[in-house]
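A.B. asks: So that we are looking at the same thing, I have put the structure below in structure tokens.
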Amino acid sequence: MQILVVEDDPKVTLALRRDLASGGHSVVVCKCTDPISMRARDSGCEVILFEMAGLDPAQLDRVREVSKAMPVVCLLGTNNAVDRIAALNAGADDCLSR
């Protein structure tokens, strides 16, 4: 499976790439400020892992935008129910906490 990882932290990106690749997945990385939907489409990704350290309206808008095209799983920095609900309401298909 081709997975687009949206993450700015190089250490987290490296760990995600390593773990997903060990499971047989192909990983494409993009920064939070990159054009996510275009990158996902051009690379043929099937799902997006969107890292959300904090929920700001701009990030929720980006989840809202890309969730129309393909499944989105948000990686949350906390296990806060309010954050989970906000991400799911924005269109995420699922949320995982670190």
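A.B. asks: Would you please name the residue that is nearest to L75 (Cα to Cα), looking only at residues in the stretch 10-38 that are small (G, A, S) and in a loop (DSSP other than H, G, I, E, B)? So that I can check it myself, show each step before the final result.
C.D. replies: Within the stretch 10-38, the first condition is being small (G, A, S), and the residues that meet it are 15, 21-24, 26, 37.
Next, only the ones that are in a loop (DSSP other than H, G, I, E, B) stay: 23-24.
Values: G23: 18, G24: 20 Å.
The extreme case among them is G23.
A.B. asks: Oh, and also: Only residues in the stretch 80-98 that are more than 16 Å from V6 (Cα to Cα) count as the first member; pair them with residues that are not in a helix (DSSP H, G or I), Cβ under 6 angstrom, at least 6 apart or cross-chain, and list the lot.
C.D. replies: The qualifying pairs are D83/L55; D83/L76; R84/C95; A86/L55.
A.B. asks: State all residues of the stretch 81-98 that are in contact with a helix residue (DSSP H, G or I) (Cβ under 9 Å, 6 or more places away or on another chain) and not hydrophobic (A, V, I, L, M, F, W, C); if no residue qualifies, say none.
C.D. replies: Passing the criteria: N89, G91, D94, S97, R98.
A.B. asks: Here's a follow-up. Based on this model, can you work out whether N80 counts as over 13 Å from the mean Cα position of the chain (by Cα), open to solvent by 20 Å² or more (accessible area, probe 1.4 Å) and modelled with pLDDT under 90?
C.D. replies: Considered against the rule, which asks whether it is over 13 Å from the mean Cα position of the chain (by Cα), open to solvent by 20 Å² or more (accessible area, probe 1.4 Å) and modelled with pLDDT under 90, N80 comes out as yes.
A.B. asks: Right, another one. Please count how many residues of the stretch 39-58 are closer than 18 Å to R98 by Cα and not acidic (D, E).
C.D. replies: Selection size over the stretch 39-58: 7.
A.B. asks: Tell me, which residue of the stretch 39-60 that is without any contact (Cβ under 8 Å) to a residue 12 or more places away in the chain and part of a helix (DSSP H, G or I) is nearest to V5 (Cα to Cα)?
C.D. replies: So, considering only residues that are without any contact (Cβ under 8 Å) to a residue 12 or more places away in the chain and part of a helix (DSSP H, G or I), the one nearest to V5 (Cα to Cα) is D42.
A.B. asks: Please go through the stretch 51-64 and give me each residue that is under 12 Å from the mean Cα position of the chain (by Cα) and either open to solvent by less than 40 Å² (accessible area, probe 1.4 Å) or not small (G, A, S) (or both), ordered by number.
C.D. replies: Of everything in the stretch 51-64, those that are under 12 Å from the mean Cα position of the chain (by Cα) and either open to solvent by less than 40 Å² (accessible area, probe 1.4 Å) or not small (G, A, S) (or both) turn out to be E51, M52, Q59, L60, R62, V63, R64.
A.B. asks: Looking only at the stretch 54-68, decide whether some residue is closer than 22 Å to R18 by Cα and out of contact with any Ser or Thr (no Cβ under 7 Å at 6 or more places or on another chain).
C.D. replies: no
A.B. asks: Just give me the residues in the stretch 1-50 being acidic (D, E) and open to solvent by less than 40 Å² (accessible area, probe 1.4 Å), in sequence order.
C.D. replies: E7
The values are calculated or read from the model by the stated rules, or taken from the named source; none is laboratory data. Only a predicted model underlies this, so the values are computations on that prediction, with no experimental measurement involved. With ideal geometry, Cβ positions are generated from the backbone for all residues, glycine too; neighbour counts draw on all protein chains shown. For accessibility, only protein heavy atoms count, side chains too; no ligands or nucleic acids. Shrake-Rupley method; radii C 1.70, N 1.55, O 1.52, S 1.80 Å.
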